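The values are calculated or read from the model by the stated rules, or taken from the named source; none is laboratory data. Computed from a prediction, not measured in an experiment: that's the story for all the values here. Neighbour counts run over all protein chains shown; Cβ positions are idealised from the backbone, glycine included. The area values use the complete protein model at the heavy-atom level, side chains included, leaving out ligands, DNA and RNA. Shrake-Rupley method; radii C 1.70, N 1.55, O 1.52, S 1.80 Å.
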Amino acid sequence: GEDVEQSLFLSVREGDSSVINCTYTDSSSTYLYWYKQEPGAGLQLLTYIFSNMDMKQDQRLTVLLNKKDKHLSLRIADTQTGDSAIYFCAESGATNKLIFGTGTLLAVQP
Amino acid sequence: EPEVTQTPSHQVTQMGQEVILRCVPISNHLYFYWYRQILGQKVEFLVSFYNNEISEKSEIFDDQFSVERPDGSNFTLKIRSTKLEDSAMYFCASTLDRGGNTIYFGEGSWLTVV
């Protein structure tokens with residue numbers, strides 16, 4: 001079945017770049033998403049990429065998609081302490097049902 | 001920015017009781033969803049809803065669950081007889097159309113079954 005995997009934890013220093021990685025199995029994915037979840041809060045849509053693109057940049061966020069390897073990454077430039085959160089990768093097919101990854105806890109050290 | 005709103009933010013209920021979780025999707029959106037996240041686990045799809053009927057549901061969404069759009073704005077999830085394992089954060093989401101687009105989530109309703 002469809003599956004999305006992420007590494008569980010990433011620690012960076014404030015000001016460095018963070019790169020969060022994700023792999024997925026569904027080759028018919030239409031969109032791939034990154035959501036941010038702060039403690040006790042909801043899922044905030046950060047950015048998304050259509051499956052026929054290989055890169056999307058949005059301010060400090062850069063999404064790279066390698067469709068051949070089914071690999072997605074989120075790069076956060078100049079990481080701040082406010083970026084500390086869990087980051088979820090998700091993919092959707094034609095029905096819009098999202099399949100989420102396990103989430104990556106990003107810890108930003110001052 | 002438009003947002004999906006959910007109530008209540010937190011509910012504690014006794015096992016066996018009925019619970020209704022409410023959502024107000026973004027006003028011009030047409031597709032609605034419920035997801036849940038058990039503490040420490042992945043966010044899981046429960047059900048999608050379009051044109052006043054369920055379009056897809058997961059195996060989690062058994063006969064104890066139902067959804068309804070009782071009026072033009074609310075979208076509800078009912079759990080008929082809650083079990084301890086229903087304790088989770090329940091997220092409502094909505095999107096404008098079927099082709100992917102952006103899917104917006106609410107802040108979630110945290111359900112604790114005791």
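Quick notes
- Take the accessible area of chain A alone and of chain B alone, subtract that of the pair, and you get about 1800 Å² summed over both chains, using a 1.4 Å probe.
- Reach of B:Lys83 by Cα under 30 Å, taken over lysines that are not fewer than 8 positions away in the same chain: A:Lys36, A:Lys97, B:Lys42, B:Lys57
- For the range A:67-110, a decrease in accessible area of 40 Å² or greater in the assembled protein chains relative to the isolated chain, with a 1.4 Å probe, applies to A:Thr95, A:Asn96, A:Lys97, A:Leu98, A:Phe100.
- Carbon plus sulfur fraction of accessible area for the protein assembly as shown, probe 1.4 Å, in percent: 48
- Rounded accessible area per residue of chain A, 1.4 Å, Å²: 46
- For chain B, the square roots of the Cα gyration tensor eigenvalues, ordered a ≥ b ≥ c, give a/c of at least 1.5 with a/b greater than b/c, which places it in the prolate category.
- Summed side-chain charge close to A:Thr23 - residues other than A:Thr23 whose Cβ falls under 15 Å, Lys, Arg +1, Asp, Glu -1: -2
- Spatial separation of Cα centroids for the range A:59-110 and the range B:44-91, in angstrom: 27
- Cα gyration tensor shape for chain A, rounded if a/c is under 1.5, else prolate or oblate: prolate
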